[in-house]
Amino acid sequence: MTEIRGEMLLDVLGLTKADVESFPIPDYPQIVAHLKPISDSEVRDWIITNTYSPVLKSRRKDALNAFRNFCSDLSWGTEVKESMELTEELLGLKPIDNGVKNMGMGSNAGSGCLSVIVLIIVSTALFFF
């Protein structure tokens with residue numbers, strides 16, 4: 001199914017598989033150089049949210065360290081922290097620090113409902129824009 005979807009996307013874009021395979025893949029410094037000058041706060045938030053979400057879900061300390069290095073290289077300041085906190089709240093997860101996994105148990109067991117409510121509010125707000 002994924003292959004069919006990929007072929008449909010190539011058709012829409014007017015590309016062939018050969019075009020995609022010959023497309024140069026940027027290295028890390030190029031990615032950071034292209035993202036760093038972005039000044040639109042909504043785009044920055046989108047980038048941080050969509051890179052931090054898989055890091056939180058992976059529950060891996062090395063992924064968290066790589067993400068922190070990525071944020072440091074971008075030098076976007078406090079916006080990153082705000083986006084990270086919002087992502088943590090939406091997912092109901094906290095980052096792994098000092099090798100301790102916080103899986104949302106114990107004192108955070110009831111926070112799942114709050115996450116769903118926040119997700120609904122954010123989705124509704126985005127729908128109206």
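Taking the condition of a type in the set (V, I, T), over 29 Å from P37 (Cα atoms), assigned to a helix (DSSP H, G or I) and modelled with pLDDT under 85, does V116 pass? First the steps, then the outcome.
Working: of a type in the set (V, I, T): yes; over 29 Å from P37 (Cα atoms): yes; assigned to a helix (DSSP H, G or I): yes; modelled with pLDDT under 85: yes.
Spelling it out, V116 is indeed of a type in the set (V, I, T), over 29 Å from P37 (Cα atoms), assigned to a helix (DSSP H, G or I) and modelled with pLDDT under 85.
Okay, residues lined up against (1) among the aromatic types (F, W, Y); (2) open to solvent by less than 90 Å² (accessible area, probe 1.4 Å); (3) over 18 Å from the mean Cα position of the chain (by Cα); (4) at pLDDT below 85:
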| residue | (1), (2), (3), (4) |
| --- | --- |
| S22 | no, yes, yes, no |
| H34 | no, no, no, no |
| D45 | no, yes, no, no |
| K57 | no, no, no, no |
| A66 | no, yes, no, no |
| F70 | yes, yes, no, no |
| V80 | no, yes, no, yes |
| G99 | no, yes, yes, yes |
| M103 | no, no, yes, yes |
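Report, ordered by the first and then the second residue, all pairs with beta carbons closer than 9 Å, sequence separation of six or more or different chains, a first member in segment 1-13 that is within 18 Å of F23 (Cβ to Cβ), and a second member that is of a type in the set (D, E, K, R) and open to solvent by 100 Å² or more (accessible area, probe 1.4 Å).
Matching pairs, first to second residue: G6/K17; E7/K17; L10/K17.
The values are calculated or read from the model by the stated rules, or taken from the named source; none is laboratory data. Bear in mind the structure is a predicted one, so any value in this text is a computation, not a measurement. Virtual Cβ from ideal backbone geometry, glycine too; neighbours counted across all protein chains shown. The area values use the complete protein model at the heavy-atom level, side chains included, leaving out ligands, DNA and RNA. Shrake-Rupley method; radii C 1.70, N 1.55, O 1.52, S 1.80 Å.
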